[in-house]
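*Asks:* After the structure tokens below, expect a handful of questions from me.
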Amino acid sequence: MVLILLSVAVLMLPGLLVARAAGLAGWTSLGAAPLVSYGIAATAGPITSFLGIAWRPWTMLAATGALAGACWAMRSWLRRGPAGSAAGGRTPPKPAADRCADRIVAAGVLAGAVLGAVAIMRGIGGLDAVHQGWDAGFHANAIRFISDTGNAAPGALSAINNYEDDAFFYPNAQHVLTSIVGQLGGGSPVQSLLNAQMLLLPGIAGLGLAVLVRAFRGRVALAASVPLVLVSFNGFPYDLLSRGPLLPYATGVALVPAFMALLGEALARRTTPIVALTAIGAAGLLAVHPSTALTAAIFTIPLLVHRWRAGRPVARTAEALTLLKVGVVSAIVGLPFVLGAVAVGEVGAVVDWPAFETAGQALGHLLLLEHGGGGPQLWLVALLAVGVAHVGGIRQLWWWLAGAGVFGCLFVAVSSTDSPLSEALTQPWWNDRWRFLALVSLGLAMVAAHGAVVVGESLAGAVRRLLGDRAMTPRTALGGAMVAVLAGFGVISNSFYVPDNEQRVSANYQGGPTVTSSEQSAMRALAEMAGSTGRVMNDPGDGSAWMYALEGVRPIFGHVIDPATFGSIGRDQQLLLSSFHCVDSSPAVRELVQKYDIDYVFTGEGYLRDDFSRIPGLEDLRMVDSLELVYAGAGSAIYRVRLAPLADESATALACTRAEPDQPVRIAWI
């Protein structure tokens, strides 16, 4: 619990301080807080690396103080402008806060955050559990690397697995901020840091949607209901956490609603501090995951149509100029991430998930929320049907639904066709239907929550007619009806689908096969032998990449590598992968052993995928004279490298051949 609270504090407090200094207040400042915190990490992290300053809690604190001070100074200076002018930085007068409404919305946000966290925690089984998916090891290693070295530059993560690629880039704001939690947490296990971040996603997204509703003058009942309804959807965040986990992407998706609310505030007020704050938030979104920044840009198009269709030309021009300022400033403060995203943008085309159903089937699965093989979420579908029938009641949010509709179309496209056009349009999202489904879920949650409000209104009207209009006020009747409707939905949906969502998350928390408890024991033994110097030869497909995150031992392969791409990895890695077992007779392999200070070899017992097998370079190691078996247990083995005199040839059974290395590949964000 302490680690979770610490994660919340690091996520919320820096951004909230800067947001308040810039002039935001109320729900908008709360919703923007996580986004701005990531923006602080995105802007300050590369700067500290460039200056040779380690990324530590005190540097995060200094960066927060500097940004807050700059925003406050801008507000103070601009207040000297003409009274009431936009340039003067004065906040437009607002009616007195409705404290009761705020408490109701806060209760809904908190309830949704807790319910979502419970579903995820039950699926995880415990904060110290190791996620068995493809991307988990890389994310864990990235956090460990930043904590150990203090290097927060996005290109610095090449040290994990792409150290032969000078042009490597990875958006690292999520890892940079999480490393602060780890440093403040007194050496918390890295897997616990990852899992704690996952627990926060339902709360971040629910808060963002509630803030979005309030920012666009939506009803209190809708703002309070949408966080609870959202956590029922399988598509976000549970499916994203089960696959990968796609944690940076899921974090970016969760931040999009708050960013849109912040952008709306910037367009309306147009003050310099708010514009700067929005630009910092945009840089944070880009640095968490570039495709979510593009997602926000797509949502911005219907937002502008919504604002400009009845606006005056002068206002349109002013807002267009404000939007341009946000874009320019965000590109400047997030320049390392802009350049990196552009440099590796073509790599997304390497990943192509094949279509597997017709467009009609994909649309049916989307509308019935039946996309993961667990059956349709019929009670959510019922709320959606009511919401769609009365969608005119949320016309102020039609632009949000329109944006979600775009991603719904892309979901159908990637599910049903492999056409070049479809692949080109969906490339920034890795041609992955699950990523689009998460975005659609944010729109569907708004419609379903509106459906719940419509049912609540009908129930409240019936109660007042039965008891008499004077028996209770309309607000009291609606409040009681909404509690009854949401409670009833919770009952008939089996606790807001918590067991179903728990099961989805737990699919990759089964104690193996990637990293088993016995493999963790072997890694601890390895750490005692090898220490933290040099690198350990390992198999990229057997989960041994986790040795760095768990025990601080640097592997040759710090991330999973698909066998289909073995021919495009770094030259040194390719030679070791194919021919390490030829160390008795190969001068080239021996040169790499010396270059990377390889004193130990580690092999695990299981593989990430059923079709993976031992890499050629680690086959038949017992036949290698230069290796001494020093540990064997439950399928794991550790060998000490003791180079024997160079032989003319290795054992015949090893079939030693020289690798044919190709150019290194630049991996895109995951």
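*Asks:* I'd like to verify a number: residues in the stretch 353-372 that are closer than 19 Å to A385 by Cβ and in contact (Cβ under 8 Å) with a residue 60 or more places away in the chain, how many?
*Replies:* 3
*Asks:* Would you be able to say whether some residue in the stretch 378-396 is out of contact with any Pro (no Cβ under 9 Å at 6 or more places or on another chain), assigned by TED's automatic domain parsing to the domain that holds A287, assigned to a helix (DSSP H, G or I) and over 30 Å from R219 (Cα atoms)? Don't jump to the end; show me each part of the working.
*Replies:* Within the stretch 378-396, the subset out of contact with any Pro (no Cβ under 9 Å at 6 or more places or on another chain) is 378-396.
Still in the list and also assigned by TED's automatic domain parsing to the domain that holds A287: 378-396.
So of that shortlist, the ones also assigned to a helix (DSSP H, G or I) come out as 378-389, 391-396.
Then keep just the ones that are over 30 Å from R219 (Cα atoms); that gives none.
No, the stretch 378-396 contains no residue that is out of contact with any Pro (no Cβ under 9 Å at 6 or more places or on another chain), assigned by TED's automatic domain parsing to the domain that holds A287, assigned to a helix (DSSP H, G or I) and over 30 Å from R219 (Cα atoms).
*Asks:* Shifting gears a bit: Show the residue pairs meeting these rules: Cβ distance below 8 Å; 6+ apart or different chains; first residue within the stretch 517-540 and closer than 14 Å to A637 by Cβ; second residue hydrophobic (A, V, I, L, M, F, W, C) and surrounded by fewer than 16 Cβ atoms within 10 Å (Cβ to Cβ).
*Replies:* Pairs found: S518/A634; E519/A634; S521/A634; A522/A634; M529/V630.
*Asks:* Say whether the condition of being surrounded by 19 or more Cβ atoms within 10 Å (Cβ to Cβ) and part of a helix (DSSP H, G or I) is met by at least one residue in the stretch 558-570.
*Replies:* Going residue by residue through the stretch 558-570, those that are surrounded by 19 or more Cβ atoms within 10 Å (Cβ to Cβ) are 558-561, 569-570.
Right, trim to part of a helix (DSSP H, G or I) and you get none.
So far as the stretch 558-570 goes, no, none of its residues is surrounded by 19 or more Cβ atoms within 10 Å (Cβ to Cβ) and part of a helix (DSSP H, G or I).
*Asks:* Quick one: in the stretch 339-359, of everything that is in a loop (DSSP other than H, G, I, E, B) and within 15 Å of A424 (Cβ to Cβ), which residue is modelled with the highest pLDDT?
*Replies:* A355
*Asks:* Kindly indicate the residue of the stretch 619-659 that is touching a residue at least 40 places away in the same chain (Cβ under 8 Å), of a type in the set (D, E, K, R) and in contact with an Asp or Glu (Cβ under 7 Å, 6 or more places away or on another chain) and also farthest from D539 (Cα to Cα) among those meeting that condition.
*Replies:* Here the answer is D625.
*Asks:* Do we find a residue being within 36 Å of the chain's Cα centre (by Cα), not in a helix (DSSP H, G or I) and not assigned by TED's automatic domain parsing to the domain that holds G208 anywhere in the stretch 478-498?
*Replies:* For the stretch 478-498, residues within 36 Å of the chain's Cα centre (by Cα), not in a helix (DSSP H, G or I) and not assigned by TED's automatic domain parsing to the domain that holds G208: present.
*Asks:* Just need a number here: residues in the stretch 203-234 that are surrounded by fewer than 24 Cβ atoms within 10 Å (Cβ to Cβ) and either under 19 Å from H131 (Cβ atoms) or hydroxyl-bearing (S, T, Y) (or both).
*Replies:* So the count comes out to 1.
*Asks:* Looking at S532 and the list (1) among the hydroxyl-bearing types (S, T, Y); (2) surrounded by 17 or more Cβ atoms within 10 Å (Cβ to Cβ); (3) assigned to a loop (DSSP other than H, G, I, E, B), which single condition is not satisfied?
*Replies:* Against the list (1) among the hydroxyl-bearing types (S, T, Y); (2) surrounded by 17 or more Cβ atoms within 10 Å (Cβ to Cβ); (3) assigned to a loop (DSSP other than H, G, I, E, B), S532 comes up short only on (2).
*Asks:* Looking at the stretch 506-521 only, could you name the residues that are surrounded by 24 or more Cβ atoms within 10 Å (Cβ to Cβ) and in a helix (DSSP H, G or I)? Before the answer, list the steps.
*Replies:* Step one: of the stretch 506-521, the residues surrounded by 24 or more Cβ atoms within 10 Å (Cβ to Cβ) are 514-515, 519.
If the condition is that a residue be surrounded by 24 or more Cβ atoms within 10 Å (Cβ to Cβ) and in a helix (DSSP H, G or I), then E519 is the only one that fits.
*Asks:* Take the stretch 616-662 and flag every residue that is at pLDDT 90 or above, within 20 Å of T514 (Cα to Cα) and in a loop (DSSP other than H, G, I, E, B).
*Replies:* Within the stretch 616-662, E619 is the sole residue that qualifies.
*Asks:* Out of curiosity, is T417 outside the structural domain of H306 (by TED's automatic domain parsing), surrounded by 14 or more Cβ atoms within 10 Å (Cβ to Cβ) and free of Cβ contacts under 8 Å to residues at least 24 places away in the same chain?
*Replies:* On the way: outside the structural domain of H306 (by TED's automatic domain parsing): yes; surrounded by 14 or more Cβ atoms within 10 Å (Cβ to Cβ): yes; free of Cβ contacts under 8 Å to residues at least 24 places away in the same chain: no.
No: the conditions fail for T417.
*Asks:* Looking at G187, G208, can you tell me which residue is out of contact with any strand residue (DSSP E or B) (no Cβ under 8 Å at 6 or more places or on another chain) and modelled with pLDDT under 95? Working first, answer last.
*Replies:* On the way: G208 fails: modelled with pLDDT under 95.
Just one listed residue meets the conditions, G187.
*Asks:* Just a yes or no: is a residue in the stretch 22-43 β-branched (V, I, T) and outside any helix (DSSP H, G or I)?
*Replies:* Of all residues in the stretch 22-43, those β-branched (V, I, T) come to 28, 36, 40, 43.
Within this subset, residues satisfying the condition of being outside any helix (DSSP H, G or I) are none.
Within the stretch 22-43, none of the residues are β-branched (V, I, T) and outside any helix (DSSP H, G or I).
*Asks:* While we're here: Taking the residues in the stretch 379-438 that are within 26 Å of the chain's Cα centre (by Cα) and among the β-branched types (V, I, T) as candidates, determine which candidate is nearest to G360 (Cα to Cα).
*Replies:* In this case the residue turns out to be V412.
*Asks:* Do we find a residue being at pLDDT below 95, within 11 Å of the chain's Cα centre (by Cα) and of a type in the set (G, A, S) anywhere in the stretch 256-278?
*Replies:* no
*Asks:* Is it true that some residue in the stretch 149-162 is more than 25 Å from P540 (Cα to Cα), in contact (Cβ under 8 Å) with a residue 60 or more places away in the chain, assigned to a helix (DSSP H, G or I) and among the β-branched types (V, I, T)?
*Replies:* Checked the stretch 149-162: no residue is more than 25 Å from P540 (Cα to Cα), in contact (Cβ under 8 Å) with a residue 60 or more places away in the chain, assigned to a helix (DSSP H, G or I) and among the β-branched types (V, I, T).
The values are calculated or read from the model by the stated rules, or taken from the named source; none is laboratory data. Quick caveat: nothing in here was measured; it's all calculated off a predicted structure. A quick note on method: Cβ atoms are made from the backbone with ideal geometry, for glycine too, and the neighbour counts reach across all protein chains shown.
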